[in-house]
1. What about B:LYS54, is it more than 13 Å from chain A (Cβ to nearest Cβ), closer than 15 Å to B:GLN6 by Cα and open to solvent by 30 Å² or more (accessible area, probe 1.4 Å)?
2. Surrounded by 13 or more Cβ atoms within 10 Å (Cβ to Cβ) and under 17 Å from B:GLN42 (Cα atoms), is that true of A:GLY43?
3. Of the conditions (1) more than 23 Å from B:THR107 (Cβ to Cβ); (2) at pLDDT below 90; (3) open to solvent by 50 Å² or more (accessible area, probe 1.4 Å), A:SER20 satisfies every one except a single condition; which number is it?
4. Assuming A:ASN32 fulfils every condition listed in (1) open to solvent by 10 Å² or more (accessible area, probe 1.4 Å); (2) in contact (Cβ under 8 Å) with a residue 12 or more places away in the chain; (3) closer than 26 Å to B:ASP31 by Cα apart from one, which condition is it?
5. B:VAL78 is checked against (1) open to solvent by 10 Å² or more (accessible area, probe 1.4 Å); (2) in contact with a Gly (Cβ under 9 Å, 6 or more places away or on another chain); (3) farther than 28 Å from A:GLY52 by Cβ and fails just one. What number does that condition carry?
6. State whether the residues of the stretch A:63-84 include one that is at the interface with chain B (Cβ under 9 Å from one of its Cβ atoms) and either at pLDDT below 90 or open to solvent by less than 20 Å² (accessible area, probe 1.4 Å) (or both).
7. In this structure, is A:VAL95 within 14 Å of chain B (Cβ to nearest Cβ), hydrophobic (A, V, I, L, M, F, W, C) and exposed (fewer than 14 other Cβ atoms within 10 Å of the Cβ)?
Amino acid sequence: SQTIHQWPATLVQPVGSPLSLECTVEGTSNPNLYWYRQAAGRGLQLLFYSVGIGQISSEVPQNLSASRPQDRQFILSSKKLLLSDSGFYLCAWSVHSYNSPLHFGNGTRLTVT
Amino acid sequence: LAKTTQPISMDSYEGQEVNITCSHNNIATNDYITWYQQFPSQGPRFIIQGYKTKVTNEVASLFIPADRKSSTLSLPRVSLSDTAVYYCLVGAPGSSNTGKLIFGQGTTLQVKP
């Protein structure tokens, strides 16, 4: 069966520090991969998605970036965090079919201080 | 891209049936309608998906009229543990809009004893 792993579960970082969040998927090949962010009490904001290795599409211009160095690995990064980057970051995957639902990880709670 | 509109919040009592309606007036031919449930500090979880007419599984039913411009999630006999945020998502991961799976605000369901 397929599983998705995100780490760390929680993270507290000072303003201006770098960020690296990692997501890996097991049990499937060539998945679509997504990064979403959820601010406190808000809905899900799509940040990046990827349909294959090295293919990244950005939905929201900001100081975050994403990379997909391997088929089932998706990384969210920042060189310098802002206070507004605080939130709940969720990684998700789907297969390449019209009716594939999204499968989410357990998320990373990021607090920028 | 199909934008979705849902009620922000709903209240119910244990044992009642709850119906949450989502509007998606510009749904595309290839789009599927998928509902997710999210508990605090967790990633959304797939509930049910449909294309047209009615779909039923062990936890919910999904009603989709012929014009597909809306859908209704029906939760039979809710319990306190059904208190969560429910999202309606319209899209087709395998289509040319792969990755542009944008969530709406969601409906916060509060089940009372």
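1. On the way: more than 13 Å from chain A (Cβ to nearest Cβ): yes; closer than 15 Å to B:GLN6 by Cα: no; open to solvent by 30 Å² or more (accessible area, probe 1.4 Å): yes.
No, not satisfied.
2. On the way: surrounded by 13 or more Cβ atoms within 10 Å (Cβ to Cβ): yes; under 17 Å from B:GLN42 (Cα atoms): yes.
Yes: the conditions hold for A:GLY43.
3. Result: A:SER20 fails condition (2) only.
4. Condition (1) is where A:ASN32 drops out.
5. (1)
6. Pass one, the stretch A:63-84, residues at the interface with chain B (Cβ under 9 Å from one of its Cβ atoms): none.
Checked against the condition, which is being at the interface with chain B (Cβ under 9 Å from one of its Cβ atoms) and either at pLDDT below 90 or open to solvent by less than 20 Å² (accessible area, probe 1.4 Å) (or both), the stretch A:63-84 yields no hits at all.
7. Details: within 14 Å of chain B (Cβ to nearest Cβ): yes; hydrophobic (A, V, I, L, M, F, W, C): yes; exposed (fewer than 14 other Cβ atoms within 10 Å of the Cβ): no.
No.
Rundown of residues vs (1) more than 14 Å from B:LEU109 (Cα to Cα); (2) in contact with a Lys or Arg (Cβ under 6 Å, 6 or more places away or on another chain); (3) within 14 Å of chain A (Cβ to nearest Cβ), yes/no style:
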{"site": "B:ASN19", "(1), (2), (3)": "no, no, no"}
{"site": "B:GLY43", "(1), (2), (3)": "yes, no, yes"}
{"site": "B:ILE48", "(1), (2), (3)": "yes, no, yes"}
{"site": "B:GLU58", "(1), (2), (3)": "yes, no, no"}
{"site": "B:ALA66", "(1), (2), (3)": "yes, no, no"}
{"site": "B:SER74", "(1), (2), (3)": "no, no, no"}
{"site": "B:TYR87", "(1), (2), (3)": "no, no, yes"}
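The values are calculated or read from the model by the stated rules, or taken from the named source; none is laboratory data. Fair warning: this is a prediction, and the values are worked out from it, not measured in the lab. Positions of Cβ are backbone-derived with ideal geometry, glycine not excepted, and every protein chain shown enters the neighbour counts. Please note that ligands, DNA and RNA were not included when accessible areas were found on the heavy atoms of the full protein model with its side chains. Shrake-Rupley method; radii C 1.70, N 1.55, O 1.52, S 1.80 Å.
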